[in-house]
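Chemist: Take this structure first; my questions come after.
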Amino acid sequence: MKRILPNGSLRAKLVVQLLVVAAVLAVLLYFTVRTTADRAAEATQDAILGAATTSIAEQLRATEDGIEVDLAYATFSMLGAIGQDRLFYRIDIGGETVTGYDDLPLPAVQPASLAAAFYTAPYLDAELRIAVVARSMIVGKGPVPVVVLVGQTRLGQAAIADSLANRAALIGLGFFLLAVPLSLLSAGSLFNPINRLAEAVGRRGPRDLRPVRHPSPRELAPLIGALNGFVARLRGALSQTETFIAEAAHHIRTPLSTVRTEAEIALRQSNDEGTRVRLRSMIRGVEASARSASQLLDHAMVLYRSDQLESVAVDLASVAHSVARAFEPTAELKELVLSVVGEGPLMTTGDPLLVESALRNLVDNAIKYSEAETEVRIVLSRAEGMAVVQVYDQGRGLQGVPVVQLTGRFTRGQNVGDVVGSGLGLTIVTEVAAALGGRFELTQIETGGTCASLFLPAL
């Protein structure tokens, strides 16, 4: 089963989670305050309602003619103090209603003492909170049961609870709004160690493959351990790659050189024209294979060292003279004059092997495509703050082929079919120039031939 990895920003997810928690807490705060306010308002109303009912019951007086009922104004004003609620009362003596609303609901169970009992019942399209007090009074020859009921609507209680709940809602909203910047700050501070670790790794050069020792929280220890393991494996792989390139160059070039030498000896000793033709074809094939293998390995080396760039001071004049001396035998075979114009030193910074590889390919191209008894010049100069190496030849020229096409991999001009080549020489030069912070230009000379210019940063 394919595992789908989550995408998106961890920072955004963390902020959203913190805001969700803040929203849940704000909602819980609202409902908690609402419930507490309802209970507190109900308890307050019950206390006042019970006190008023008990006061009415205590003001009843037994006389010779019956029971005297005195409803004091202060009792009802006490109830009206907590809101604009409607009041209802009922006084039953001996099971009959003597005053008040005779249909006011009675409790399911009559109270057994003077202490007030409370219940809620619907009445006249409203919900009443009713307090009931029962007592016995001696009238005439025996006790007479008396029940006093006082009911009150709950609008005042609801108003108090709503007011407190609305304040709680405003507090919750303020808490949530405050949680937004706090969540952003918390997420930022949480990811700061990761960002600092990324910056520390990003500042490393391409050749810096040391283990990461940046101080980080314990939670990042698995990440740093995995990163160090990867760096160790990469270091080993790059070392093996460099070793392989060097060994491949040796093991490929040496046998091909041996085959070519033996074929040339056989060619000189053979008198059969057919055999000589086949030997010449074999020598040409071996030469093409050797050149292709050499440039493929050079290209691999350039790609490898571009990622592992060594930056040291390089004297282009010294490298140019060294390359010229290496190619003097080849130039003499074609009766070419190979010269270096310009005094050194001409300093740049870069990888010496890459610089030498670029110059070697430029000179090799110039010699290959030059006509016999002409001149190849290597000119050293400075221009636009750059160190410039220009290789002039008097060969076949560009023949209108775009430079971009000639610098592509395995691409050659239309007029060089009879010359052995792999189409990688100018590609190597272009990639070296880009790796070292310079550029490569190839122009047609009006008098014939080409000028290949390598620009590198000057010291």
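Chemist: When ranked by the protection proxy of mean other Cβ atoms within 10 Å per residue, highest first, what sequence do the peptides 380-389, 211-220, 351-360 form?
Modeler: 351-360, 380-389, 211-220
Chemist: Search the structure for amide H atoms under 5 Å from the amide H of Leu338, placed 1.01 Å from N in the peptide plane, and list their residues when 5 or more places away or on another chain.
Modeler: Val376
Chemist: Could you grab the relative contact order for region 10-162? Cα pairs under 8 Å, six or more apart, rounded to a whole percent.
Modeler: 27
Chemist: Order of Thr120, Thr450 from fewest to most other C-beta atoms within 10 Å?
Modeler: Ascending number of Cβ neighbours within 10 Å: Thr120, Thr450.
Chemist: Peptides 424-430, 159-165, 314-320: what's the order by average Cβ count within 10 Å, highest mean first?
Modeler: 424-430, 314-320, 159-165
Chemist: Could you give the length gained on full extension between Leu155 and Asn228, defined as 0.36 nm per residue of separation minus the Cα-Cα distance, in nm?
Modeler: The span from Leu155 to Asn228 would gain 19.2 nm if fully extended.
Chemist: Could I have the simple spin-label model distance between Val16 and Ala198, label points 7 Å from Cα toward Cβ, reported in nm to one decimal?
Modeler: Calculated label separation equals 1.9 nm.
Chemist: Enumerate the calculated ³J(HN,Hα) couplings along region 424-440 in order (Karplus 6.51 cos²θ - 1.76 cosθ + 1.60, θ = phi - 60°), each rounded to whole Hz, writing x wherever the residue is Gly or Pro.
Modeler: Couplings: 10, x, 5, 4, 4, 4, 4, 5, 5, 4, 5, 5, 8, x, x, 8, 10 Hz.
Chemist: Here is a follow-up. Extension gain Met347-Leu177, at 0.36 nm per residue separation less the Cα-Cα distance, in nm?
Modeler: The span from Met347 to Leu177 would gain 55.0 nm if fully extended.
Throughout, read-outs are computed from the coordinates displayed, never taken from laboratory work. Keep in mind the model is a prediction, meaning the values are calculated, not measured. Positions of Cβ are generated from backbone atoms using ideal geometry, with glycine treated the same way; all protein chains shown enter the neighbour counts.
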